[in-house]
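Below is one structure, written out as C-alpha cells; comments come after it.
Read-outs: derived from the displayed coordinates by stated rules, not from any lab. The structure displayed is predicted, hence computed values, not measured ones. With ideal geometry, Cβ positions are generated from the backbone for all residues, glycine too; neighbour counts draw on all protein chains shown.
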Amino acid sequence: MRLQIITPLSVAVDVPDIRALRAEDASGHFGILPGHAEFLSSLVISVVGWTGGEGTAHYCAVRGGMISVTGGQEITITTREAVPGDDLATLEADVLARFHAALEVEKTERVASTRLQLNAIRMIMRHLRPDTRGVGEFS
C-alpha cells in the first residue's frame, strides 16, 4: 500500500510500500491492511503508525485531519500539521502536547472572537431598533 501524509505546505510522508497502518479517530484506534474497503474518517490529534515494507515501525504525529483509503492500496492523510519521526515516545510526549496546547489556544481565540461578534451585533441592533419603550402602553 502507498501512504501519503499531506499538509497545506508540504508532503510530510510519501511511502510507496507499507504493510499496515494504525490511526485514531473519535471512536478510537483502528488498523488498515492491504485490500481495505473504501474508507473516509476524521482523525483526532494523535500519532499514526505504520509498518514499512522492510518490517520496521515508523510514526508521524498529526494535528487531526482526514484519512481516506482508495482501492484498498492508497492511503492519504491530509492534516494541518505533521511531524514524522521514528521515536514514538518523543512524538507522544512533546509533539502531541504542543498540538493540544495549540488547539486550546485556538478554542480560546474562537470564544473571544465570538464574543466580539455578538457584542458588535448587539450594538448595531441597539442603534437600528427604534425605541419601543412606551409603545402600546396607556397613560
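Could you pull out the GluC sites (Glu not before Pro) across the range 42-93 that fall in loop regions by DSSP (anything but H, G, I, E, B) with no more than 14 other Cβ atoms inside 10 Å? Present the calculation step by step, with values, prior to reporting the outcome.
On the way: sites: Glu54, Glu74, Glu81, Glu92; in loops: Glu54, Glu81.
Counting only loop positions with at most 14 other Cβ atoms within 10 Å, the GluC sites (Glu not before Pro) in the range 42-93 are Glu54.
Once fully extended, how much extra length lies between Phe39 and Gln4, figured as 0.36 nm per residue of separation less the alpha-carbon to alpha-carbon distance? Please report the intermediate quantities before stating the final value.
Numbers: separation 35, 0.36 × 35 = 12.60 nm, distance 1.49 nm.
Extending this stretch completely gives an extra 11.1 nm.
HN-Hα J couplings of the range 26-33 from phi, Karplus 6.51/-1.76/1.60, θ = phi - 60°, integer Hz, Gly and Pro as x?
Result, rounded to whole Hz: 4, 8, x, 6, 8, x, 10, 10.
Using amide H atoms built in the peptide plane, which far-off residues or other-chain residues are under 5 Å from Val13 H to H?
Those qualifying (amide H under 5 Å, at least 5 residues apart or on another chain) are Ile5.
How far is helix 96-128 tilted, in degrees, relative to the longest principal axis of the Cα atoms in the chain, given as a value from 0 to 90 rounded to the nearest 10?
Between helix and principal axis, roughly 20 degrees.
Quick one: among His29, His100, His127, which has the greatest mean-square fluctuation in a GNM of the chain with alpha-carbon springs under 10 angstrom?
Sorting by GNM fluctuation, first place goes to His127.
Can you give me the long-range amide H partners of Phe39? Hydrogens built in the peptide plane at 1.01 Å from N, cutoff under 5 Å, separation of 5 or more residues or another chain.
Distant-sequence amide H within range of Phe39: Val69.
Which cross-chain or sequence-distant (5 or more) residues have an amide H under 5 Å from the amide H of Arg80, H modelled 1.01 Å from N in plane?
Those qualifying (amide H under 5 Å, at least 5 residues apart or on another chain) are Arg63.
Taking Cα pairs under 8 Å and at least six residues apart, what relative contact order does the range 2-107 come out at, in percent? It would help to have the intermediate numbers written out before the result.
Details: 241 pairs, mean separation 28.1, N = 106.
RCO, the range 2-107: 26 percent.
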